[in-house]
Amino acid sequence: MKEFKEIIKKKGIKKTLLYLILTIIMFTPLIIFHKQVTGTFKGTCVATNYKELQKCQQEGRFTTIKTANIYDVGYNYVVDDVTVGKFLDVDLEGYVILTLADTTTADELLAQTGEREISGNFTPFKNKVFKETKEKVEKDYIERFTNEAEIITEEQTRGMFFNYMLNQYDGEGFPFIFLIILVGVIILLLLFKVYEGLKMIVNPNKFIIYGRKTLEKEGNADKASFEYQNGPYLFKNKDIRITNNYIFDTKGYNFTYHKVNEAVWMYEKGIKRYGLVETGKSLVVKFKDKIGMSFPLNLAERKKVMEIFRVKNKNIVKGYSAEREAQYRKNPTALK
């Protein structure tokens, strides 16, 4: 029985470390987007001047700009040859906040006069289209302003552009609240797996399954443990061992075993053949206590294991049918 416990403890250590590492990894997007994440909880930021605008961007908050000066810069946002948005110059105290708005919103704003509002998330000019558009607008403004007033230099004109673009086209930008919820749920699930791994280390008996029972309730655990360690083995691979009395399945994080002579039904599952080529490789064995075990085996392994069960159980039924499934559920020992 000690050997079974050690196997489960090792599985528990692997499970704990694996899901602990995954949990740490899941914190990465929250770290990368920490400004946007923290900004999500602060609500909408309203900017009526350049100082407020800078603060909104630095806090990574969804921002509403209020200004009377919104202009069309002459460039459209095209997706699959369809114009879906327009780039605007949202002017705030002489600074250019290049803004992408959907076509309808852009047309409405351009048609209005007086103070207007436009909202979105700030995004850096890393996107190729956004970057190229900013460069084109800068070039246009440099040509216009330097011709209109020689006192405005090219450097001064470039300095008028805010370093981030306001993106209204994507609605409220990336819904970071959804990111927080999604990552939070995943982290909780991963932490639960970590908890399961720790339970396997502390109380391995609960993860050693004999039929429908745990090891604590199985009187032959020592005998089974001896056969698992010493054989003789009728069949053995990485996950499965079959001795004279037991079949052991160590796949995944449990350790399951059953008496070989209690099998009543076996069939191949997911087997597809294309000429001489075979895909799928599962053998399902079901026992009289309505427990089923499924083993991924190649053709040669399946033949060998099926022969072992046939020899050990003269009356074992082979092959699947819906009628047998119904009969097995009703009375496994009467299966024919």
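The values are calculated or read from the model by the stated rules, or taken from the named source; none is laboratory data. Source: prediction; values computed, not measured. Reconstructed Cβ throughout: ideal geometry from the backbone, glycine too, with neighbour counts over all protein chains shown. Calculation scope for accessible area: heavy atoms of the full protein, side chains included, ligands and nucleic acids excluded. Shrake-Rupley method; radii C 1.70, N 1.55, O 1.52, S 1.80 Å.
Structure values in brief
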{"item": "Selection within the stretch 297-336 - touching a residue at least 24 places away in the same chain (Cβ under 8 Å), open to solvent by 30 Å² or more (accessible area, probe 1.4 Å) and within 21 Å of Y210 (Cα to Cα)", "result": "K312, R329, T333"}
{"item": "Qualifying residues in the stretch 188-215 (those that are at pLDDT below 80 and among the β-branched types (V, I, T)) - the one nearest to L17 (Cα to Cα)", "result": "I208"}
{"item": "Among the candidates Q58, Q156, residue that is without any contact (Cβ under 8 Å) to a residue 40 or more places away in the chain, open to solvent by 80 Å² or more (accessible area, probe 1.4 Å) and either β-branched (V, I, T) or closer than 19 Å to T44 by Cα (or both)", "result": "Q58"}
{"item": "Residues located in the stretch 58-96, provided they are polar (S, T, N, Q), within 15 Å of Q168 (Cβ to Cβ) and touching a Lys or Arg at 6+ places or on another chain (Cβ under 9 Å)", "result": "T67, N76"}
{"item": "Residues (under 23 Å from T48 (Cβ atoms) and in a strand (DSSP E or B)) located in the stretch 102-123", "result": "R116, E117, I118, S119, G120, N121, F122, T123"}
{"item": "Per-region count, the stretch 160-187, residues at pLDDT below 90 and within 30 Å of K51 (Cβ to Cβ)", "result": "12"}
{"item": "Residue selected from the stretch 240-272 under the condition among the β-branched types (V, I, T) and within 34 Å of the chain's Cα centre (by Cα), by the criterion least open to solvent (accessible area, probe 1.4 Å)", "result": "I240"}
{"item": "Number of the condition not met by L297 [criteria: (1) under 23 Å from K10 (Cβ atoms); (2) under 32 Å from the mean Cα position of the chain (by Cα)]", "result": "(1)"}
{"item": "Residue in the stretch 76-106 that is farthest from K131 (Cα to Cα), counting only those that are open to solvent by 10 Å² or more (accessible area, probe 1.4 Å) and of a type in the set (D, E)", "result": "E93"}
{"item": "Elements of type strands (runs of 3 or more DSSP E) in the stretch 255-336, at least 1 residues being farther than 25 Å from L234 by Cα and at pLDDT below 90", "result": "272-274, 277-279"}
{"item": "Pairs, first on the phi > 0 side of the Ramachandran plot in the stretch 228-249, second not acidic (D, E), C-beta under 7 Å, six or more apart", "result": "G231/T243"}
{"item": "Lone qualifier among K126, K131, K139 - being under 37 Å from the mean Cα position of the chain (by Cα), among the basic types (K, R) and assigned to a helix (DSSP H, G or I)", "result": "K131"}
{"item": "Residue satisfying condition, being without any contact (Cβ under 8 Å) to a residue 12 or more places away in the chain and open to solvent by 40 Å² or more (accessible area, probe 1.4 Å), within set K10, K66", "result": "K10"}
